[in-house]
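Reviewing the structure listed below.
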Amino acid sequence: MSGKLSILGVKVDRVTRKEALEKFAGFMDKEGQSLIVTPNSEIILNADKDPRLKELINNAAMVIPDGIGLVIASKQLRQPLEERVTGIDFAHSALEWCAANDRKVYFLGSKPGIARKAAENMMAEIPGLQIVGARDGYFKAEEEEDVARAIAQTGAEFLCVALGSPKQELFADKYKDILGVKAAVGIGGSLDVWSGTLQRAPEFYCKYGLEWFYRLIQEPSRFKRMAKIPMLFIKVMFSKKQEE
Ligand code: UDP
């Protein structure tokens, strides 16, 4: 599988988990920062309304199809994606790659204490993994540059940033010259999961593409955000009709 799929003008890479990891390995040996975005339906809808976000995603080094909504949309467009690659699974594989290749990692984001706990858990789980720094994602706009400088000082080469979207992508892009990392990925709620604060959906939900439903049970406050998702399918259908 290769090439890109355009969903409402957002270009998503048609990559499997294995291909995504191969690309990641390439980024780690390249000059400059490669930004990896893992959009779900909500992010595609936001990008449809926000040209700045759309441009940022379309200029990213890799856009991974996270979210069952993207798989459904790809079928509507008659260009079905082979598989869904969740951001958290991709990031986990990337951490394993970093451990095996002696590359340093930084965890930024989530509530105080979460990033540190997630780092401890992942270092216990993945032998040889070097997480050289971790801090929470609740700092003021005027502190952003100092946060970026502190990350640079650790010598990290891979940044996992969990500030919610699009804040995480905007941060990584804005400070790319200061950060000096080879790759940065926005990972949403992954640090909450790795820290043990949030449960990942059991296999049953994943198998039937119902992870979103499980998340809704855990965080009912997300209902208003999730209720907008069917809008993606309506918009994709409408955009397809216009093309026909
Ligand atoms: N978050 C953060 N700083 C902020 C806003 C959010 O560190 O200013 C964290 C939040 O604690 C959570 C993560 O970003 O761990 C993802 O947030 P959310 O679930 O809203 O984003 P999504 O996964 O839906 O992109």
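The values are calculated or read from the model by the stated rules, or taken from the named source; none is laboratory data. Predicted, not measured: the structure shown is a model, and the values here were computed from it. No Cβ is skipped: glycine too gets one built from the backbone with ideal geometry, and neighbour counts run over all protein chains shown.
So is Leu232 within 24 Å of Glu120 (Cβ to Cβ), surrounded by 12 or more Cβ atoms within 10 Å (Cβ to Cβ) and away from the ligand (no atom under 13 Å from the Cβ) or not? Judged against the criteria, Leu232 is not a match. Checked against (1) under 21 Å from Ala91 (Cβ atoms); (2) of a type in the set (Phe, Trp, Tyr); (3) within 16 Å of the ligand (Cβ to nearest atom), Phe213 passes all but condition (1). Checking Gly180, Gly109 one by one, the residue that is crowded, with 17+ Cβ neighbours inside 10 Å and within 15 Å of the ligand (Cβ to nearest atom) is Gly109 and no other. Cβ-Cβ distances below 6 Å connect the following pairs, each with a first residue in the range 28-45 that is on the phi < 0 side of the Ramachandran plot and of a type in the set (Gly, Ala, Ser), a second residue that is part of a loop (DSSP other than H, G, I, E, B) and at pLDDT 95 or above, and a separation of six or more residues or different chains: Ser34/Ala61.
Only one entry in Ala99, Ala150, Ala134 is within 15 Å of Ser190 (Cα to Cα) and either small (Gly, Ala, Ser) or not in a strand (DSSP E or B) (or both), namely Ala134.
If only residues of the range 136-177 that are buried (at least 21 other Cβ atoms within 10 Å of the Cβ) and hydroxyl-bearing (Ser, Thr, Tyr) are counted, the one that is nearest to Asp102 (Cα to Cα) is Tyr175. Touching a helix residue (DSSP H, G or I) at 6+ places or on another chain (Cβ under 9 Å), within 23 Å of Gly113 (Cβ to Cβ) and not aromatic (Phe, Trp, Tyr), is that true of Gly164? Here the answer is no, as Gly164 does not meet what is asked. Condition test on Val185, is it part of a strand (DSSP E or B) and either away from the ligand (no atom under 15 Å from the Cβ) or modelled with pLDDT of 95 or more (or both)? Judged against the criteria, Val185 is a match. Counting the residues of the range 216-227 that are part of a helix (DSSP H, G or I), closer than 22 Å to Leu45 by Cα and at pLDDT 85 or above gives 3.
Screening Phe107 with (1) under 19 Å from Gly180 (Cα atoms); (2) part of a helix (DSSP H, G or I); (3) of a type outside the set (D, E, K, R) gives one miss only, at (2).
Here is the figure for the range 149-166: residues that are of a type outside the set (A, V, I, L, M, F, W, C) and either within 14 Å of Gly87 (Cβ to Cβ) or within 14 Å of the ligand (Cβ to nearest atom) (or both) total 3. Within the range 135-152, residues that are farther than 17 Å from Leu170 by Cβ and of a type in the set (D, E, K, R) sit with their Cβ atoms under 9 Å from residues that are within 15 Å of the ligand (Cβ to nearest atom) and part of a helix (DSSP H, G or I), at 6+ positions apart or across chains, in these pairs: Arg135/Ala115; Arg135/Arg116; Arg135/Val147; Arg135/Ile151; Asp136/Ile114; Asp136/Ala115; Asp136/Arg116.
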